[in-house]
Amino acid sequence: MRIAIPKETHPEENRIPITPDNAKKLCAMGADLVVESGMGLGAGFSDSEYTDAGATISQDRNALFSSADLLLRLRKPQLEEIALMKRGAIHISYLDPFNEHALVNAFKDSGITAISMEMIPRSTRSQKMDALSSQANLAGYVMVMQAATHLPRIFPMMMTPAGTLKPANVFVIGAGVAGLQAIATAKRLGAKVTAFDTRPVVAEQVRSVGAKFLEIDLGETGETADGYAKQLTPEQIDIQQQAQKAVIAKSDVVITTAQVFGRKPPVLVTKDMIEGMAHGSVIVDMAAETGGNVEGSVPNEIVQIAGVTVIGKGNLAGEVARDASQMYSSNLFSLVEDNWNDEEKKFVVDFEHDILPGCIITHGGEVTNTTIKNILEGGA
C-alpha cells in the first residue's frame, strides 16, 4: 500500500502529520511511504531524516495525490486535491465535517474513504488515537504562556525587600482537557486559580490540580456519551454569565475553553464584563476561530477592549509545533497501526471495528456517518 504524506500548505502551519520515528514504523510495517519534499521542515525535520527512515521523497505534489492509496494529513484538503485522488483511496486528517459540507460531498462523489480525526470516539482504548485531546492539552499550556506574556505583572506571589507582590488571579472557564492543562500550568506558575465547568462531575478534577471550583446552580447539565459538555439553554447561559461576572471583574487573566462539539460556542464573557476588569488584564479565547466565547474577540488577532487585552489566536498547539507534531503523529500512527493487516500490508476499512466506523465520514460513494448525513440532508 502506498502511503503519501503531502506538505501542509495552510498559512503559518508548522505542525506536520508524521515524524521520522513514526515514518520508520510505517515502513517497517510494509508500507510504501512517499513524503513530499520539505514536509517536515516546519517541525524541524529534514528530508534526509525521512529517507533514513525508509521513505521516498517526492518533488511532484500532484503525482503524490494521484498515486496514493492512503493519504495522511493534518489539515483538510483543498477541493482540487480531492479531484486528483484515485477512487477508493483513503484520506485521514482533520476534516471539520459538521461545517465543511462541500468537502464531504466532494469526498463522496469521488469515491474516497474520508476519515476525520475530530470524530475519533472518546473511549479508553482510543485514547492513543485521540488527536483532539492531544492538541488541546498543548493548547491549554500555550494559552497560559500567552496570557503571562501579555499580562503586565507576574503570576506568583513574591516577597521582596521592596514589598510583597500578590499572586495573579486566573479564572478558567471550561475544564476539559485544555482547561485542566491551563489550570495546572497557571498553578505551576504560582497563580491563584478558579475554574468553572457546566459538568459538575469535573469539579473534583479541578480541585485535584489545585484550583477552586466555582459552584453555579444551572439545573440539569451533564455531558454527552463522548464526554463533551452538553449545550446549555439560553436561560442557563444567562445564569452562568451573571454568576461569573464578579469573578471575572476580580481576575487578572480569564481563559475560556468552552466549546460544544459540532456547534457554535456560547458567548460567556460579554463586553460589559470586560469593561468591569482592571486595565491591563488579559483574556484568552480558545474558541475565537469557531465563533468565540468572548464578545469582541477576533479570530487570529490580539485586540484591546476597554483596556483589556483579548487574545483570539487560533492554532494554539501550533505555537509548540515540534511537540504538537510528535503527539499528532503518534495519534495518526496508532490509528493506522490499529487497522493494519500485517499479511496484506494495508490499511483495512472494517465497519465491524470498534473505533473506526465512528470517524469514517464517506466510503464507497456514500456518506456513511449518520450524524453528518442527517446534517447534509437537513435533518439536524
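The values are calculated or read from the model by the stated rules, or taken from the named source; none is laboratory data. This structure is a prediction, so every number in the text was calculated from the model and none was measured. Please note: Cβ atoms are built from the backbone with ideal geometry, for glycine as well, and neighbour counts cover all protein chains shown. Heavy atoms of the whole protein, side chains included, go into the accessibility calculation; ligands, DNA and RNA do not. Shrake-Rupley method; radii C 1.70, N 1.55, O 1.52, S 1.80 Å.
The single condition from (1) free of Cβ contacts under 8 Å to residues at least 12 places away in the same chain; (2) more than 25 Å from the chain's Cα centre (by Cα); (3) over 20 Å from E36 (Cβ atoms) that S110 fails is (1). Of all the criteria given as (1) open to solvent by 30 Å² or more (accessible area, probe 1.4 Å); (2) closer than 21 Å to A175 by Cβ, the one not satisfied by I255 is (1). Taking the criterion of being closer than 26 Å to K166 by Cα and either at pLDDT below 95 or in contact with a Leu (Cβ under 6 Å, 6 or more places away or on another chain) (or both), the only residue of segment 273-306 that qualifies is V282.
Filtering G219, G176 for residues that are within 21 Å of V144 (Cβ to Cβ), open to solvent by 20 Å² or more (accessible area, probe 1.4 Å) and modelled with pLDDT under 95 leaves a single hit, G176. Might you let me know whether segment 45-61 holds any residue that is within 21 Å of D323 (Cβ to Cβ), assigned to a loop (DSSP other than H, G, I, E, B) and open to solvent by 10 Å² or more (accessible area, probe 1.4 Å)? Yes, that holds for at least one residue. Per the listing E118, E204, E215, the residue uniquely acidic (D, E) and within 21 Å of the chain's Cα centre (by Cα) is E118.
Apart from one condition, N99 fits all of (1) more than 16 Å from S325 (Cβ to Cβ); (2) at pLDDT 95 or above; the exception is (2). Looking across segment 351-380, the residues that are open to solvent by less than 80 Å² (accessible area, probe 1.4 Å), at pLDDT 95 or above and more than 23 Å from the chain's Cα centre (by Cα) come down to H363, G364, G365, V367, T368.
Just one of the listed residues (M277, M273) is crowded, with 18+ Cβ neighbours inside 10 Å, assigned to a loop (DSSP other than H, G, I, E, B) and among the hydrophobic types (A, V, I, L, M, F, W, C), namely M277. Note on segment 186-203: residues that are in a strand (DSSP E or B), buried (at least 24 other Cβ atoms within 10 Å of the Cβ) and either touching a residue at least 40 places away in the same chain (Cβ under 8 Å) or small (G, A, S) (or both) total 2. No other residue among L84, L103, L41, L71 is touching a His at 6+ places or on another chain (Cβ under 8 Å) and either in contact (Cβ under 8 Å) with a residue 12 or more places away in the chain or open to solvent by 10 Å² or more (accessible area, probe 1.4 Å) (or both) apart from L71. The set of residues in segment 18-38 that are open to solvent by less than 20 Å² (accessible area, probe 1.4 Å) and of a type in the set (S, T, Y) contains only T19.
Regarding T309, is this residue at pLDDT 95 or above, within 26 Å of S134 (Cβ to Cβ) and in contact with a strand residue (DSSP E or B) (Cβ under 8 Å, 6 or more places away or on another chain)? No; evaluated as a whole, the condition is false for this residue. Only one of the numbered conditions (1) out of contact with any Asp or Glu (no Cβ under 6 Å at 6 or more places or on another chain); (2) within 30 Å of P234 (Cβ to Cβ) is not met by V267, and that is (1).
Restricting attention to segment 146-173, the residues that are in contact (Cβ under 8 Å) with a residue 40 or more places away in the chain and crowded, with 18+ Cβ neighbours inside 10 Å total 10. Within segment 339-350, track down each residue that is open to solvent by 60 Å² or more (accessible area, probe 1.4 Å) and closer than 28 Å to D109 by Cβ. If the condition is that a residue be open to solvent by 60 Å² or more (accessible area, probe 1.4 Å) and closer than 28 Å to D109 by Cβ, then E344, K346, D350 are the ones that fit. Filtered by the rule that a residue be more than 18 Å from the chain's Cα centre (by Cα) and open to solvent by less than 10 Å² (accessible area, probe 1.4 Å), segment 291-338 gives V294, V308, V310, V336. Just give me the residues in segment 336-370 being free of Cβ contacts under 8 Å to residues at least 12 places away in the same chain and not in a loop (DSSP other than H, G, I, E, B), in sequence order. Correct list: N341, P357, T370. On the given criteria, is L316 modelled with pLDDT under 95 and under 19 Å from A186 (Cβ atoms)? Here the answer is no, as L316 does not meet what is asked.
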